[in-house]
Structure formats: C-alpha cells, structure tokens
Amino acid sequence: MTAPEPQDRAETDDARRLQGLSTELTARVPQLLEAMRSVGTGLELHATLDRICETAARLVGARYAALGVVGEAGGALSDFVTFGVDPEAARRIGRRPDGHTGLLGELIRHPEPIRLADLTADPRSAGFPPHHPPMRTFLGVPIRVQGEILGNLYLCEKHDGAEFTDHDQHMVRVLATEAGLAIGNARLYEAARQRERWIDGSVAVTTALLSGAGAEDTEEPTGPDDHGQDQDHDHAEQTNTAVHPDFSHHAHHALTVVAEHARRLADSAAGIVMLPTPEGGLEVVAVSSDTSDVSIGTRVPAHSPVVAKLLTGESVHVTDSSTDPRLVSPLSARYGPAMLLPLHSDGRVLGVLVTPRAIGARPFTESERTLATQFASQAALALMMAEAQRDRERLAVFEDRDRIARDLHDLVIQRLYAAGMMLETAQRQSQVPEVRAGVGKAVDELDVTIQEIRTAIFALQQGPAEAPSGLRTRVLREINMAAVPLGFRPTHRFAGAIDSSVGELTGKNLIAALREALSNTFRHARASRIEVTVDANAELPDGTPAVRLSVADDGVGIPEGGRRSGLRNLRRRAESLGGSSEVGPGLAEDGGGTTVIWQAPL
C-alpha cells in the first residue's frame, strides 16, 4: 500500500484535529460537511470554481473570496474567479491578476497557508489596482491533490470585522482538499468535452466545405424571421460575419465557415482569417465577431515580427495582444489573449487563423492551443480539398458552356437566320398591308433575338480571368437567377450611367444587397410582383452623388416583432460604405408589401 504524501497527511491531520476541539468548532462541523457536499456537486469547471468560492466565503463568514487556478505549465494563474465583488466593480478594476506578484504570487511560489491581520502592511503585498474594494484581513490556502498544486483560495474581510482564526484556517484547508478533488474531476470532464467539441468542429468544417453548405446551414432552426416564418438560424443576428469583397462566392463561403467555427470553438471574441498580401504582409479577408471592431481589408505589415513566423508555418501565442510589442497591427489594442495559427497543409501556408479573446479574459491553455493547432491544420486541408473540388466543377462548367455556345452558334442562330430570310421573302410577296406590317415586326423581333443570343454566347465564352461584367449585366443576372425559385421574373428599371459611374466596391456591395433582398422576398414575402430599380442619379441627404437600389414587392410585409437580421445585414453593408438602408410600403394597392431602399456613394 502506497504511503500518503506529506501534504495529504497534513490535511488529514487537520480534519482529525477538528475532533475534540472547542464547542464553537464542533458546532461548525455540520456546516463544513455541508460545504464539502456542495463543492463536490457538478462537473462543469467554471460553475465548480464559482461554487467553491461562494462556499468558502460562507463557511468562514468572509465578505470576499477568490480562487486562482494555476496554469498547466505552473508559475501563473490561468483562471481567476471571485465572490463578493459586483460585476461593475470588476469591470472597473480591469485585468485580473496573473499570479506573478504580491501575496498571490507568494502562495504560488511557496504553497503554504498565509493568514494576515492587515495585508496592506505585509511587505509581500503588491497593493491593489484602482477601483479595488478595500481589504485588510486575509487568509490564503493552497489547493492541492496528491502533491500537485491546482490553485489557491483567497478570503478577505470577515463580516464581523474580526481576524481569521486557527479554526477558520483548519476548516478552509479541509474544504480545499475537497475542492481539489472537485477541480480535478471538473478538469477531466472539461478536457473530454473540449476535445469532443474541437473534433466535431473539424468534421463540421470539412463537411461544410466539401458539400458547399453555408455556415448558417450547420445550425439548428429557430423561431420566426423578418416575415414571421420559420427559417434556419442566421448567425448574422448574433455575430458580425463578413468577408473580403474581392473573393468569389465559394471563397466567401469557405473562409466564413472557418472563421465562424474557430470563434465558437475557441470561445473567443472573434474568428479572423488573414491571407498573405503581395507585399509580404497579411490582410483580413473574413471575420466572425460579436462586434464590428475588425474591418475587412485591415493589413498587418510585413515588418511585423509575427508575420515571418506565421508565413513559415509557426504558431504564435500571445498572452495580451494590447501590450505585446510584437503586434504592430491596430487590431491588437482591442484584444487580450490570442492564438495566431497558420493554415498550412502539404508545406503550403494558405493563410492565418486568429482567435483573440477580450482584454482581461483567461489565457488559452496548452490543451486549447494543441486542439486549435490541429483544427487549423484540418481546416487548411479541407480548404485545399474544397478548392480542388471546385476547380474540377468549374472545369466541367466551362466545358459545358463551351459546348452550349457552339450549339447556339452553329444551330440556333443559323435556324433563326433562315427563318428570318423566309419571313422577309413572304413579306415582299404579300399584298396585304397588315400582313406586311406584322411580318416586319416578327423579323425585327428575330433580329433582336439573334443579337441577344450572340451576347449570351460571348458571356458563355468569357473566361474567369477576363474582365468582369458590367454592373447592369450583373444586376440582370441576379434577377434572372431569382426568377427560377420565384416562378416569375421581377421587372427592372435602370437610371443613369450604371456601368461607368458606380465604383467597383460599391457595385459589389449593391449586388450582394440585391441578392439578399431578393432572397428574403422569395423566402418570406409570398409576393406575386417584384420591381427592381437601380438609379445612379440619386443623392444622399448631404448631397453626395449616390446609387440607389430599391426592391419592392406586393407580399405580406414585415410583421411586428419579426426577426430583422437580414435588414440589419443590409444596413451594416450600406453604412460601411457611408450610405444607408431602410424599408417602406410595398406595391400592393393598400400599401402592403415591402420596399427595401439601399443606397451608397458612387
């Protein structure tokens, strides 16, 4: 039988000393047993830490309690929870202690109980940060299991103003033994759940990228949307998800999937995907965030010390982004702990995945870093496989388009031309004016049809590297694509020099806004008529020349209390360009339906 560790024997002796002691202490034994029972319930790690803090404070009548968890590598606190400090005071205090200095550091370096009548007078004390509540009496007890230090319990300010006693120290040490077992069990449970989540996340990313499903398709359905009907969960209602406007729809989808899953799995404030720039730096191309702090197109210069490491496939882990001198990007000032992980596969670095947490948040553990690195490698492999799959699909599409173009040119146009020649002969031979006029109109229509087919042939033969189509053509393409699910073709009207006056960035966002508006109308409006107007002669309220897109329908309108995530997407997209987006009455006779008006500077 293995002899117990010296510290375990000491803690067992503490428990035995409770027998036969004072009447006061004997009366508190049931309270101690109840506290030990409370600490041992539950498996969720942070709930366990909160419960230990509260239980210890109530056990000895302390006004404040804290629990610092020592990191896996030792030497610093990886987590710090408190009891008795209200959330507003905690917010004003700011960063949590790291355990390197003061009495907290002393307990980590020398894990023996510390009991003080006035901690401010102790030379080991490092003082309090601004806005910290005043504290004098102090009791600190290490939490250990089988000789391993898991953390420390800190108690301050007894409610009756007295000092902590020997009895208090004995009881807290016994409680700390039970707390160590509870923390150890919770850690094992949390580690197993964490591994399961990351594995499931890697599988979900791979499946989504190879199947072409959007990030929103991986979530469960929720309640009513903008028009009161059920739909799949839209992450945009909870997070700000954006991608670089210069990427294709497939690239948008792939990068968004990686950013969104990484943010959720790492429990971070944002998921950011960055790609290398021609100058050797990095540029933000996809973001999933709870706020709009990160802007698409933000660049990290090549001279940043972390860029060279990342582009050679080396991960960078940062304890506090806002103070780390290696980070020269304006993004760093807004975040605390962060993981910067290269997306590399088969010796090729595709980009960088960044998962920063808020300032003051707990650092990433070693196990989280390992799991995130494995996720980044799996995501990079999935991106490469998805890109190869899309290349094969694009090749098949181009081959099919080339065949269709040849058939249109060799068969359809020739037959239409022959039919036109026959009609012109019949027109010359007819003696009836009405017949001659009708045949002439038919010939004109055939000429127009032949020109449209030739335009379609040119579009089919246009390669992916050639100049993009004009804005007018792209608008018509979106309208034609929407006609398939709608069952009818929306009418359209153009005003002004659409192709020449609207900038490329504004044009791309206008197309995205049109796609969103038509999609919402199809899914929710139950409309029988839709009118699309693009006006390049519009002006913003301050007189700035603008392009205005309006999509009007005669559907059911937007009910009170309906979800408006799609409308918020449109508004954010417009406001990012300096424009605006709003809704108004629709096309129905009584003003029913909806008109979405989206405008941005030229």
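Observations
- Whenever a residue of the range 383-412 is open to solvent by 50 Å² or more (accessible area, probe 1.4 Å), it has no partner that is charged (D, E, K, R) and at pLDDT below 75 lying with C-beta atoms less than 6 angstrom away and at least six residues away or across chains.
- Members of the range 105-119 found to be β-branched (Val, Ile, Thr) and modelled with pLDDT of 85 or more, listed by number: Ile114
- Some residue of the range 236-252 being assigned to a helix (DSSP H, G or I) and at pLDDT 60 or above: yes
- For beta carbons closer than 7 Å, sequence separation of 6+ or different chains, a first residue in the range 97-115 that is closer than 22 Å to Gly147 by Cβ and a second that is of a type in the set (A, V, I, L, M, F, W, C) and assigned to a helix (DSSP H, G or I), the qualifying pairs are Gly99/Ile108; Ile114/Leu103; Ile114/Leu107.
- Yes/no for Ser345 being within 21 Å of Met274 (Cβ to Cβ), out of contact with any strand residue (DSSP E or B) (no Cβ under 7 Å at 6 or more places or on another chain) and small (Gly, Ala, Ser): yes
- Hits in the range 108-121 (condition: of a type outside the set (Lys, Arg) and loosely packed, with under 15 Cβ neighbours inside 10 Å): His110, Glu112, Ala117, Asp118, Thr120, Ala121
- Any chance Ala73 is of a type in the set (A, V, I, L, M, F, W, C), open to solvent by 70 Å² or more (accessible area, probe 1.4 Å) and modelled with pLDDT under 85: yes
- Within this structure, His170 passes the test of being modelled with pLDDT of 55 or more, touching an Asp or Glu at 6+ places or on another chain (Cβ under 6 Å), open to solvent by 30 Å² or more (accessible area, probe 1.4 Å) and over 30 Å from Ile511 (Cα atoms).
- Listed by first and then second residue, the pairs linking a residue in the range 352-372 that is on the phi > 0 side of the Ramachandran plot to a residue that is assigned to a loop (DSSP other than H, G, I, E, B) and of a type in the set (Lys, Arg), with Cβ atoms under 9 Å apart and 6 or more places separating them unless they lie on different chains, are Gly360/Arg95; Gly360/Arg96.
- Of the residues in the range 425-439, at least one is surrounded by 14 or more Cβ atoms within 10 Å (Cβ to Cβ), at pLDDT 75 or above, of a type in the set (Lys, Arg) and part of a helix (DSSP H, G or I).
- Exclusive hit being over 12 Å from Ile597 (Cα atoms), among the aliphatic types (A, V, I, L, M) and out of contact with any His (no Cβ under 9 Å at 6 or more places or on another chain), set Leu570, Leu505, Leu549: Leu505
- In the range 141-183, residue nearest to the chain's Cα centre (by Cα) [restricted to those that are assigned to a strand (DSSP E or B) and of a type in the set (Asp, Glu)]: Glu148
- Subset tally (residues that are modelled with pLDDT of 85 or more, under 18 Å from Leu103 (Cα atoms) and either crowded, with 16+ Cβ neighbours inside 10 Å or aliphatic (A, V, I, L, M) (or both)) for the range 148-165: 7
- Given (1) on the phi < 0 side of the Ramachandran plot; (2) of a type outside the set (S, T, N, Q); (3) within 38 Å of the chain's Cα centre (by Cα), index of the condition His131 fails: (1)
- Some residue of the range 85-104 being assigned to a loop (DSSP other than H, G, I, E, B), open to solvent by less than 40 Å² (accessible area, probe 1.4 Å), at pLDDT 85 or above and within 22 Å of Ala47 (Cβ to Cβ): yes
- Glu196 part of a helix (DSSP H, G or I), modelled with pLDDT of 80 or more, of a type in the set (Asp, Glu) and touching a Lys or Arg at 6+ places or on another chain (Cβ under 6 Å): no
- Residue count, the range 585-602 (criterion: open to solvent by 30 Å² or more (accessible area, probe 1.4 Å) and assigned to a strand (DSSP E or B)): 3
- Only listed residue being in contact with a helix residue (DSSP H, G or I) (Cβ under 9 Å, 6 or more places away or on another chain) and either modelled with pLDDT of 85 or more or closer than 27 Å to Ile296 by Cβ (or both), chosen from Asp542, Asp499: Asp499
- Cβ separations smaller than 9 Å between residues 6+ apart or across chains give the following pairs from the range 273-285 residues that are open to solvent by 20 Å² or more (accessible area, probe 1.4 Å) to residues that are hydroxyl-bearing (Ser, Thr, Tyr): Glu283/Thr277; Glu283/Thr298.
- Summed over the range 42-70, residues that are of a type in the set (Lys, Arg), modelled with pLDDT under 85 and surrounded by fewer than 18 Cβ atoms within 10 Å (Cβ to Cβ) total 0.
- From the options Thr177, Thr165, residue that is of a type in the set (Ser, Thr, Tyr) and farther than 19 Å from Leu49 by Cβ: Thr165
- Selection from the range 286-310 of residues that are closer than 16 Å to Val349 by Cα and open to solvent by less than 10 Å² (accessible area, probe 1.4 Å): Val306, Val307, Leu310
The values are calculated or read from the model by the stated rules, or taken from the named source; none is laboratory data. For clarity, every value in this text was computed on a predicted model and none was experimentally measured. All Cβ positions, glycine included, derive from the backbone under ideal geometry; neighbour counts span all protein chains shown. When the accessible area is computed, the model is the full protein with side chains, heavy atoms only, and any ligands, DNA or RNA have been set aside. Shrake-Rupley method; radii C 1.70, N 1.55, O 1.52, S 1.80 Å.
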